[in-house]
Amino acid sequence: MKILVLCTGNSCRSQMAHGFLNHFNNEMEVYSAGVHPAYRVQPETIEVMAEKGIDISAHTPEHVYDYLKETFDYVITVCDHANETCPIFSGEVKHRLHMPFPDPIHARGGIKKRLAVYREIRDMIEEKFYAFYKEEIEPEL
């Protein structure tokens, strides 16, 4: 099973989904990328994923163009911008899904308030991707 998760910057939401999918089943090939990748994964993203026992500290934002010629079982966009601006894949994509989530990077306030927003989005992503994994992926494995 080969999955690509896309968002705009590949610094928050897609990295969380990537981490969770690897956590659910580390034998899958999971990648994440952005249509306009950031220069780093947000530290808050790394911190809140570590709270779940998932280490994404070595992840780096990637550009979707690096994956356009590859074949995927699933390409999943997790933000509206990536869904609207995603380029055409020349490789085969069996299933394309759109599962949008709010962007935690827009959280304001002190670190406690920002982390609370990141946790809320993380938990939404975990719930939605776990349901996706159990309903769509696990039966195919």
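The values are calculated or read from the model by the stated rules, or taken from the named source; none is laboratory data. Small disclaimer: the values here were computed from a predicted structure and weren't measured. Using ideal geometry, Cβ is built from the backbone for each residue, glycine included, and neighbour counts are taken over all protein chains shown.
Observations, loosely collected:
- Matching residues in the stretch 22-47 - criterion: being within 14 Å of the chain's Cα centre (by Cα) and aliphatic (A, V, I, L, M): 30, 33, 35, 38, 41, 46
- Filter result for residue 61 (touching a strand residue (DSSP E or B) at 6+ places or on another chain (Cβ under 7 Å) and at pLDDT 95 or above): yes
- Contacts under 7 angstrom Cβ, first residue in the stretch 112-141 being surrounded by 15 or more Cβ atoms within 10 Å (Cβ to Cβ), partner in a helix (DSSP H, G or I) and of a type in the set (Gly, Ala, Ser), 6 or more apart: 125/17; 129/17
- Selection from the stretch 28-46 of residues that are surrounded by fewer than 15 Cβ atoms within 10 Å (Cβ to Cβ) and either modelled with pLDDT under 95 or touching a helix residue (DSSP H, G or I) at 6+ places or on another chain (Cβ under 9 Å) (or both): 36
- Identity of the residue in the stretch 92-141, closer than 20 Å to residue 47 by Cα, of a type in the set (A, V, I, L, M) and at pLDDT below 95, that ends up farthest from the chain's Cα centre (by Cα): 111
- Within the stretch 1-27, considering residues that are buried (at least 23 other Cβ atoms within 10 Å of the Cβ) and either aromatic (Phe, Trp, Tyr) or in contact with a Lys or Arg (Cβ under 6 Å, 6 or more places away or on another chain) (or both), the one modelled with the lowest pLDDT: 7
- Taken as a whole, the condition of being surrounded by 15 or more Cβ atoms within 10 Å (Cβ to Cβ) and either free of Cβ contacts under 8 Å to residues at least 60 places away in the same chain or within 15 Å of residue 6 (Cβ to Cβ) (or both) does not apply to residue 108.
- Candidates in the stretch 66-88 are the residues that are modelled with pLDDT of 90 or more and either farther than 22 Å from residue 19 by Cβ or of a type in the set (Ser, Thr, Tyr) (or both); of these, the one that is surrounded by the most Cβ atoms within 10 Å (Cβ to Cβ) is 77.
- Residue match in the stretch 49-58 (condition: part of a loop (DSSP other than H, G, I, E, B), touching a Pro at 6+ places or on another chain (Cβ under 9 Å), free of Cβ contacts under 8 Å to residues at least 40 places away in the same chain and of a type outside the set (A, V, I, L, M, F, W, C)): no
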